[in-house]
Amino acid sequence: MKHLKRLSLTFFTYLFILQFSSAAFAHGVIESPPSREQFCGVESKPDEIFKDKMTHEKCRPIMTKEDGTIDNSIYNFMAVLTHTIGRSTKPIDQLPKYVCGFASEMWSGGKTPWDRANDWPTTQIAGGQQKFTWNISWGNHFGDTEEFVYWITKPDFQFDPTKELTWNDFETTPFCHLKYNDQTPNANPNIVPDKANNRFITTCTVPARTNRAVIYGEWGRNSYTYERFHSCIDVVFSGTNPPPTVKAVIRALPTTVTGPTELQLDGSQSVGTNLTYNWSIDADNQAPYQLQNSQSAKARLLIANINAQQLVRVNLTVQQGQTTNRVSTQFTHLPAVTATWKMVGRATLDSTLQAGDKIQLRLIDNAGKDYFFPTTPIELTTDTARPDNWAYMLAQAVNPANQFSAKIGVLSSDNKTIEPIKSATANMIYVPVNSTIVNGYIQVNKTTEPTQPCTSQRKQGSGSYWLGYDIFADTTPIVLDFSATGIDLTKIIVDKGVFTDVRVLDKDKLYIGGKPAWVTKTNPGYMAFFGPNYGSYDPFNSPINANCQTGALIKK
């Protein structure tokens, strides 16, 4: 099991990075009804832990780790993702342990903050038609979106804030499965691609429940990436009475502001009775902005000068009882002098890098297209992987020449030159003020160990109803690749035999996490496959064996 301790290469990296020089990434979260990430990530952030009152007090317990330190991974609320086919129709024993994060790659296949046992904030809904809105502002990829799928907890589910969710809590069949093709974006009336606002609005018929429930949702992209986002929504059903109408409204703000100034924020036209209000600000550099009266219908935003143009988002959350609504608007903040640069991201990371990790600058343009610099990721050494060194080193490779004139570093007081410094927090990502680039991130491909071949051998007597395999391997994890056999793993029944932690990764790949000690390269272990509904399946007649590899293939 020594390999598992160092497993850090994601399945996506295994499947795609080794085959292609670049790839496309998206980021998104269920905005309405608010998901756990929306409540405790978008609206309430870890820095609020120092306030007497958080935007959502029920988020407070998850903002710190078990050792009492702030859990900065919550800032990755938009990146609860995998590169798999998701829940699909797989048996429960082939699913990851944690529901809401689905063994997200950003958390090394482990527990995300939104998987934790907690008395999560809820939203009141009613059975019947319900809109689910995905905010994909952090990298909009409409073109390769394929589907949206939603599951709900069983009718007898009893929410317990001291227990984590399990797959046994949920219905095995989704209550809503919507297909999408951007070539015909209006073909499915239950999916509205709101490209102007970087939103997908999906409409589903939600089964009625008489108590508190949880809805688990997925946004899946097509086979070019198999990128999939996962999210849970905590809801309380209102019975026969529809939830109260609550709507947050922000009075129009100027689209641009220049230099130091003040803005009056007015939410007094919001709809509801005895509303509570909470204003917040999002920006790459939040230092210039100070809110006054942020818990009132009308607030004041004090704005200091900046030295680089940036986009600022103003958010208002209103609540009536258990029903909340949130709205956002944005403006561009310009320096007092003519802007030369605009900030599109921070050259910082929450996780610690190590020797062997590879990094790139990832830029996203206003059409949602990704660009990576340098083209070949830079492999870090023990020295360059240090928190105060890696951004400085990456800047040396990126700043001299790239097609967008993007730079990593600190902008000088004259607003003209950008130079990197050795710091874990100070370096930002800049592009010229008129650039089509709208977001910048640091892309990390984690280190891995070499893979080793193993052997899978078709058992005598296999036929169209049953396929048996002998697997010879000294170590785990094992990945069987069926792509040359014509077998679609998502359509068949898997009998794990003597193996444990067996999971279907996608239609071609099967993950095996554990084996008996007696299974070796010379002594095989057994597993089997059956056709759909235990019927006939012609691809089982193929004489081609699945390709077998062991080693650091995927995060555990």
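The values are calculated or read from the model by the stated rules, or taken from the named source; none is laboratory data. Just so it is clear, the model here is predicted, and its values are computed rather than measured. Using ideal geometry, Cβ is built from the backbone for each residue, glycine included, and neighbour counts are taken over all protein chains shown.
Taken over the stretch 190-216, residues that are assigned to a strand (DSSP E or B) and either of a type in the set (S, T, N, Q) or in contact with a Gly (Cβ under 7 Å, 6 or more places away or on another chain) (or both) amount to 4.
Looking only at the stretch 522-540, decide whether some residue is farther than 24 Å from Ile92 by Cα and surrounded by 14 or more Cβ atoms within 10 Å (Cβ to Cβ). Checked the stretch 522-540: at least one residue is farther than 24 Å from Ile92 by Cα and surrounded by 14 or more Cβ atoms within 10 Å (Cβ to Cβ). Scanning the stretch 233-244 for residues that are modelled with pLDDT of 80 or more and not in a strand (DSSP E or B) gives no hits. Among the residues of the stretch 319-342, those that are more than 23 Å from the chain's Cα centre (by Cα), in a strand (DSSP E or B) and of a type outside the set (S, T, N, Q) comprise Phe331, His333, Leu334, Trp341, Lys342. For the stretch 413-429, filtering for residues that are outside any strand (DSSP E or B) and either under 28 Å from the mean Cα position of the chain (by Cα) or touching a residue at least 12 places away in the same chain (Cβ under 8 Å) (or both) leaves 11. Mind checking which residues of the stretch 513-529 are at pLDDT 90 or above and under 21 Å from Arg87 (Cβ atoms)? Listed by number, the list holds a single entry, Phe529.
Return the residues of the stretch 115-144 that are within 28 Å of Ile364 (Cβ to Cβ) and in a strand (DSSP E or B); say none if nothing qualifies. Quick ask: steps written out before the conclusion?
From the stretch 115-144, those within 28 Å of Ile364 (Cβ to Cβ) are 115, 131-144; that's our starting set.
Passing the criteria: Lys131, Phe132, Thr133, Trp134, Asn135.
Contact map, the stretch 138-150: residues that are farther than 14 Å from Gly217 by Cβ and modelled with pLDDT of 90 or more paired with residues that are part of a strand (DSSP E or B) and of a type outside the set (Val, Ile, Thr), Cβ distance under 8 Å, separation 6+ or inter-chain. Pairs shown: Glu146/Lys179; Glu146/Gly220; Glu146/Arg221. Against the numbered list (1) over 16 Å from the mean Cα position of the chain (by Cα); (2) closer than 20 Å to Thr202 by Cα, Ile85 comes up short only at (1).
Considering each of Ala391, Ala367 in turn, give the residue that is among the hydrophobic types (A, V, I, L, M, F, W, C) and more than 30 Å from Asp182 (Cβ to Cβ). Give the steps one after another, and end with the answer.
Details: Ala367 fails: more than 30 Å from Asp182 (Cβ to Cβ).
One residue alone meets the criteria, Ala391.
Within the stretch 105-134, the set of residues being of a type in the set (D, E, K, R), over 23 Å from Thr210 (Cβ atoms) and modelled with pLDDT under 95 comprises Glu105, Lys111.
Residues are listed down the side, and each one gets a yes or a no for (1) among the hydrophobic types (A, V, I, L, M, F, W, C); (2) more than 18 Å from Phe132 (Cβ to Cβ); (3) touching a Leu at 6+ places or on another chain (Cβ under 8 Å); (4) part of a loop (DSSP other than H, G, I, E, B):
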| position | (1), (2), (3), (4) |
| --- | --- |
| Glu31 | no, no, no, no |
| Glu48 | no, yes, no, no |
| Ile62 | yes, yes, no, no |
| Asp67 | no, yes, no, yes |
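Residues that are in a strand (DSSP E or B) and either buried (at least 18 other Cβ atoms within 10 Å of the Cβ) or at pLDDT 95 or above (or both) within the stretch 293-311 comprise Lys298, Ala299, Arg300, Leu301, Leu302, Ile303, Gln309, Gln310, listed in sequence order. So, Ile512, is that one in a strand (DSSP E or B) and either under 30 Å from Thr112 (Cβ atoms) or under 27 Å from the mean Cα position of the chain (by Cα) (or both) or not? Against the criterion (in a strand (DSSP E or B) and either under 30 Å from Thr112 (Cβ atoms) or under 27 Å from the mean Cα position of the chain (by Cα) (or both)), Ile512 qualifies.
The set of residues in the stretch 145-184 that are surrounded by 17 or more Cβ atoms within 10 Å (Cβ to Cβ) and assigned to a loop (DSSP other than H, G, I, E, B) comprises Phe157, Phe159, Leu165, Pro174, Tyr180.
Inside the stretch 115-126, can you point out the residues that are in contact with a Lys or Arg (Cβ under 8 Å, 6 or more places away or on another chain) and surrounded by 17 or more Cβ atoms within 10 Å (Cβ to Cβ)?
First pass over the stretch 115-126, keeping only residues in contact with a Lys or Arg (Cβ under 8 Å, 6 or more places away or on another chain): 117-122.
Answer for the stretch 115-126, where residues must be in contact with a Lys or Arg (Cβ under 8 Å, 6 or more places away or on another chain) and surrounded by 17 or more Cβ atoms within 10 Å (Cβ to Cβ): Asn118, Trp120, Pro121, Thr122.
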